[in-house]
1. Given that just one value was derived from the coordinates, which of [x] 2.9; [y] 6.0; [z] 5.1 is mean projected area of the Cα convex hull in nm²?
2. Probe of 1.4 angstrom, ligands and nucleic acids ignored: what's the accessible area per residue over the chain, in square angstrom?
3. For the chain, take the longest principal axis of its alpha carbons; what is the angle in degrees between that and the long axis of helix 37-50, to the nearest 10 within 0 to 90?
4. Note the angle between two axes, namely the Cα long axis of helix 19-31 and the longest principal axis of the Cα atoms of the chain, as a number of degrees from 0 to 90, rounded to the nearest 10.
5. Using the alpha-carbon atoms, what tilt in degrees (0 to 90, nearest 10) does helix 2-15 show relative to the longest principal axis of the chain?
6. Counting only C-alpha contacts under 8 Å and six or more residues apart, can you give the relative contact order of the chain as a whole percent?
Amino acid sequence: MDAQRIAIDAVVALTDCDRDTVAAFIRRMYLAGVTDPKRLTFKGLQAMSRA
């Protein structure tokens, strides 16, 4: 749970994207097995830059 919170806070702070959108993406990644906060943040940043 901390990994998700850290990643969501980081992505929102760096991109100013909608928190709910970022949270949904990070949650899907976490449930898919990605549990490292750094990897979640990186994947979240990649996804939000494409959106």
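The values are calculated or read from the model by the stated rules, or taken from the named source; none is laboratory data. None of the values given here were measured: they were computed from a predicted structure. Heavy atoms of the whole protein, side chains included, go into the accessibility calculation; ligands, DNA and RNA do not. Shrake-Rupley method; radii C 1.70, N 1.55, O 1.52, S 1.80 Å.
1. Recomputing mean projected area of the Cα convex hull in nm² here gives the entry labelled [x].
2. 67 Å²
3. 30 degrees
4. Taking the Cα atoms of the chain, the angle to 19-31 is about 30 degrees.
5. That helix lies at roughly 20 degrees to the long axis.
6. Computed value for the chain: 48 percent relative contact order.
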